[in-house]
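Working notes, beginning with the structure itself.
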Amino acid sequence: MSLEMEYDCPECDSTKFWKTAYMEIHLGKKTKWQCNDCGYGFIQINDDITTAEA
């Protein structure tokens, strides 16, 4: 898995997110992502479950 990802930030116009944490949990691979510009963050589990705003 890469250390950065492109995603449209709902708080600013940035599209660069950095991986800030990663761990294995009972649901799968939990990854925390944070916007490079404003600090908006979200959690993603197995690329299926996410706390990001649509």
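The values are calculated or read from the model by the stated rules, or taken from the named source; none is laboratory data. All values reported here derive from a predicted model rather than from experimental measurement. Counting neighbours? That spans all protein chains shown, and the Cβs are built from the backbone with ideal geometry, glycine included. Ligands, DNA and RNA are excluded from the accessible area calculation, which covers all protein heavy atoms including side chains. Shrake-Rupley method; radii C 1.70, N 1.55, O 1.52, S 1.80 Å.
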Within the stretch 30-54, count every residue that is open to solvent by 50 Å² or more (accessible area, probe 1.4 Å) and out of contact with any strand residue (DSSP E or B) (no Cβ under 6 Å at 6 or more places or on another chain).
-> 7
Per the filter on the stretch 6-24, residues open to solvent by less than 70 Å² (accessible area, probe 1.4 Å), under 13 Å from Cys38 (Cα atoms), without any contact (Cβ under 8 Å) to a residue 24 or more places away in the chain and not β-branched (Val, Ile, Thr) are Phe17
Kindly indicate which of Leu27, Leu3 is loosely packed, with under 10 Cβ neighbours inside 10 Å and among the aliphatic types (A, V, I, L, M).
-> Leu3
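To keep it simple, each residue is scored yes or no on (1) modelled with pLDDT of 95 or more; (2) touching a Gly at 6+ places or on another chain (Cβ under 9 Å).
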{"residue": "Met5", "(1), (2)": "no, no"}
{"residue": "Ala21", "(1), (2)": "yes, no"}
{"residue": "His26", "(1), (2)": "no, no"}
{"residue": "Cys35", "(1), (2)": "yes, yes"}
